[in-house]
Amino acid sequence: MERRIKACASAEEFWTLLMEVVPQNSRAYLGSVLKQGAPLLRQGQLGLPDERLGRFCAQGSEIDRAKVLDFLLGCPGVATYYEAFQLFKHMADNRAALYRYCQRLMNEGSDISYNLASVMSLYFDLQLPATFALRVEPYQLSRLDAGYDAFRKILKP
């Protein structure tokens with residue numbers, strides 16, 4: 001099985017491994033599959049958003065979701081941040097983790113990561129020690145759940 005994971009060279013192979021192989025033993029396979037998917041994501045070969053990632057995370061453990069979040073935040077972009085935001089919603093009860101992820105985003109220092117931290121602070125009502133340039137009105141927060149295009153318009157005005 002490890003040989004197949006190392007050979008993951010296309011988006012379809014990545015999704016097949018993630019959806020069919022990893023659920024059999026996520027502790028053994030998830031890290032390797034995500035490691036192989038990172039170059040595909042950076043090269044634009046792994047198209048996001050993709051509903052398969054949400055399906056995988058919905059059935060996975062909290063540890064699996066944390067690994068996927070690390071994978072997504074390691075390849076910053078609007079699409080990866082959209083997928084990460086969807087996972088953050090699964091963590092709404094874990095305010096300490098959301099706070100840590102916001103701090104991580106702010107430490108990254110890019111405009112888009114700072115904007116996501118701003119959106120998260122409002123959406124999840126987190127008290128972050130920061131001043132954000134992005135201004136999001138309360139009525140706009142409900143649009144974040146409307147889909148990728150609405151999220152993109154708010155995150156990159």
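Read the figures in this text as sums done on the coordinates, not as results from a lab. Note that the coordinates shown come from a computational prediction; the quantities given were computed from them, not determined experimentally. Cβ coordinates were reconstructed from backbone atoms using ideal geometry, including for glycine residues, and neighbour counts include every protein chain displayed.
Relative to the current alpha-carbon distance between R135 and Q45, full extension at 0.36 nm per residue lengthens the span by 29.1 nm. Given in Å, the Rg to one decimal and the Dmax to the nearest whole number for the Cα atoms of segment 1-142 are 15.8, 50. Ellipticity at 222 nm from helices only: DSSP H runs of n ≥ 4 in the chain, each -39500 (n - 2.57), divided by the residue count, give -19000 deg cm²/dmol. The charge dipole of the chain, taken about its Cα centre with unit charges on the Cβ atoms of Lys, Arg (+1), Asp and Glu (-1) only, comes to about 240 debye. Each Lys and Arg Cβ is given +1 and each Asp and Glu Cβ -1; about its Cα centre, segment 51-110 then shows a dipole of about 60 debye.
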